[in-house]
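*Asks:* After the structure tokens below, expect a handful of questions from me.
Just so it is clear, none of the values below were taken in a lab; they were calculated from the coordinates. None of the values given here were measured: they were computed from a predicted structure. We place every Cβ from the backbone using ideal geometry, glycine too, and count neighbours over all the protein chains shown.
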Amino acid sequence: MPAIDTLAQDQRALRRRGLTLALLTITYFFSYMDRQILAILQEDIKRELMLADWQLGLLAGLAFAVFYATLGIPVAWLADRTNRKNIVAISLAIWSAMTAFGGLSQNFGQLLAARIGVGIGEAGSSPPSHSMIADLYPPEKRAGAMGIYSLGVVLGSAFGTFIGGLVAHHYGWRAAMYVIGLPGVALAVIVWLFVVEPRRGLSDPQHAAAMAAPIPPLRDGFAAILRNPAALHLVMAVTITSMIGYGLTAFGPSYMQRSLDFTKAEIALYIALPGGLCATLSAVLGGKLADRFARTHGLHMQSTMVAVLKTLALPFTLGFLLIDQPGLAIAAYFINLLLANSYLGPSFALIQGLAPVRQRALWAAITLLVINLVGLGLGPTLVGTISHVLRGPLGEDSLRWSMILFAAVTPWAIWHYWRAGVLLRAR
């Protein structure tokens, strides 16, 4: 009888995996809306609360990332042992409420506390979600599924800028935080009701024996990644890429306002959604292309593909920051998004494929710990700090050159993707 019940549960999970993936993607979408909302509001917040660029960088970076990243480890430990769906739903309710509370802030300290609360809530989103997706989709379809999930990043960022910019333009930055934050509480109930919790290892039947073994202790997760050179290079690659991306994204709207003379409304109406479309195409097509390469040439080609696309994107990243003509600069920005945002799906799919089945949420959390402490924590913080230091000699152009310095680090990430591909091919 238990075997029959398990079979029925597995069939139900597979029938509803599309719905589960959709709801997890929407949850991820809300998490990035709640993060990105700060970027389009920064100039208003800076004026009202009289903040410096280093404080803006701290709000978008380290203050959020320290709690988001470090709490991801105990959350992942819990996710490898308990119901992952419930963790995602509770976390969503917490970070959505804290985003709305940010709109009540009267000073830097209060806004800092609210953003820390958002980071605490969001710690419970990605590790359990990665684990569930890996259980629902087999290796040859996993990069495509992760590519769909990564739409949360690009669409959440785009709509956070679009909705936040328009609401702030008409009603102020505080109203924008309420509008972005409060709907997530209702979504948390929907996630709790409709997301399916899959059996661990459902899509990896060859690992059935591993599922019967005891769950390894926490320290073994770190040791396992360090012993796996391909996984280590992938973690380094996605961390450096994220550091650059978070730094540029956090200050992108401010750069457009200061150096290209766009208004908040213009960024929201004419840049956010087309940019989101380009990034969406990159994520979806990149994931599908990675799956095709995996089937025809082997998994190693997924990492090599990312290295090639990042190389092609770099001149357009620099063009966006160096060209003074607004139309040409934004065209370069769109092409950069189209090429550069394909990395998330293949990166996380490869890492999940290398992870032991009983440590998938833990490996995701360790990856996110490094990505977010270094990438999210240092990216915006350093861009803001460098801009603050350069403001004396460069004036309003200080932010431009701070971002150019960050973009110039991209070849380091490309090398790690290439090296991971070499090591994966040799496996």
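*Asks:* If the viscosity is 1.567 mPa s and the temperature 4 °C, what translational diffusion coefficient in µm²/s does Stokes-Einstein give for the stretch 314-366 when Rh comes from Kirkwood over Cα pairs?
*Replies:* In µm²/s, the coefficient is 98.
*Asks:* How high is the relative contact order of the chain? Use alpha-carbon pairs under 8 Å, at least six apart in sequence, and give a whole percent.
*Replies:* The normalised contact order for the chain reaches 28 percent.
*Asks:* Then there is this: Could you give the C-alpha radius of gyration of the chain expressed as a fraction of 2.2 N^0.38 Å, taking N as the number of residues it contains? Write down the numbers at each step before the final one.
*Replies:* On the way: Rg = 20.7 Å, N = 427, 2.2 N^0.38 = 22.0 Å.
Ratio of Rg to 2.2 N^0.38 Å for the chain: 0.94.
*Asks:* Further question: For the stretch 49-158, report the % of Cα-Cα distances exceeding 19 Å.
*Replies:* Here the tail beyond 19 Å accounts for 53 percent of pairs.
*Asks:* Do the sum for the chain: with -39,500 (n - 2.57) for every DSSP H run of n ≥ 4, divided by all residues, what is the mean residue ellipticity at 222 nm, to the nearest 500 deg cm²/dmol?
*Replies:* Computed ellipticity for the chain at 222 nm equals -26500 deg cm²/dmol.
*Asks:* Using only the Cα atoms of the stretch 129-208, build the gyration tensor, take square roots of its eigenvalues as a ≥ b ≥ c, and label the shape rounded, prolate or oblate: rounded if a/c is under 1.5, else prolate if a/b is larger than b/c, else oblate.
*Replies:* oblate
*Asks:* Determine how many Å³ per residue the convex hull of the Cα atoms of the stretch 238-283 encloses. Walk me through the numbers on the way to the answer.
*Replies:* Working: hull volume 3.2 nm³, N = 46.
Cα-based convex hull of the stretch 238-283, divided per residue, equals 69 Å³.
*Asks:* So what's the angle, to the nearest 10 degrees on a 0 to 90 scale, between helix 151-171 and the longest Cα principal axis of the chain?
*Replies:* The angle comes out at about 30 degrees.
*Asks:* Hey, could you get me the Stokes-Einstein D for the stretch 343-392, Kirkwood radius over alpha-carbon pairs, 10 °C and 1.306 mPa s, rounded to whole µm² s⁻¹?
*Replies:* Calculated translational D: 126 µm²/s.
*Asks:* Additional query: Choose one answer from 152, 353, 109: the residue with the largest mean-square fluctuation in a GNM of the chain with alpha-carbon springs under 10 Å.
*Replies:* Among 152, 353, 109, the largest GNM mean-square fluctuation belongs to 109.
*Asks:* So, with +1 on the Cβ of K and R and -1 on the Cβ of D and E, and no other charges, what is the size of the charge dipole of the chain about its Cα centre, to the nearest 20 debye?
*Replies:* Dipole size: approximately 1100 debye.
*Asks:* While we're looking at this one, here's another question. So, in Å, what gap is there between the alpha-carbon centers of the stretch 170-199 and the stretch 102-164?
*Replies:* Here the two parts' Cα centres lie 11 Å apart.
*Asks:* Please give the Cα centre distance for the stretch 9-55 versus the stretch 331-372, rounded to the nearest Å.
*Replies:* When both Cα centres are located, 16 Å separates them.
*Asks:* A further question follows. Counting other Cβ atoms within 10 Å of each Cβ, which trypsin sites (Lys or Arg not before Pro) in the stretch 272-340 have at most 11 and sit in a DSSP loop?
*Replies:* Answer in residue order: no site qualifies.
*Asks:* Now a separate question. Using only the Cα atoms, what convex hull volume per residue in Å³ does the stretch 290-413 have?
*Replies:* Given the Cα convex hull of the stretch 290-413, per-residue volume reads 107 Å³.
*Asks:* Further question: With all pairs of different alpha carbon atoms counted, what Kirkwood hydrodynamic radius in Å does the stretch 289-344 show?
*Replies:* Result for the stretch 289-344 stands at 12.1 Å.
*Asks:* Then there's this: Can you give me the Cα centroid spacing of the stretch 230-276 and the stretch 382-427 in angstrom?
*Replies:* Their Cα centres are 12 Å away from one another.
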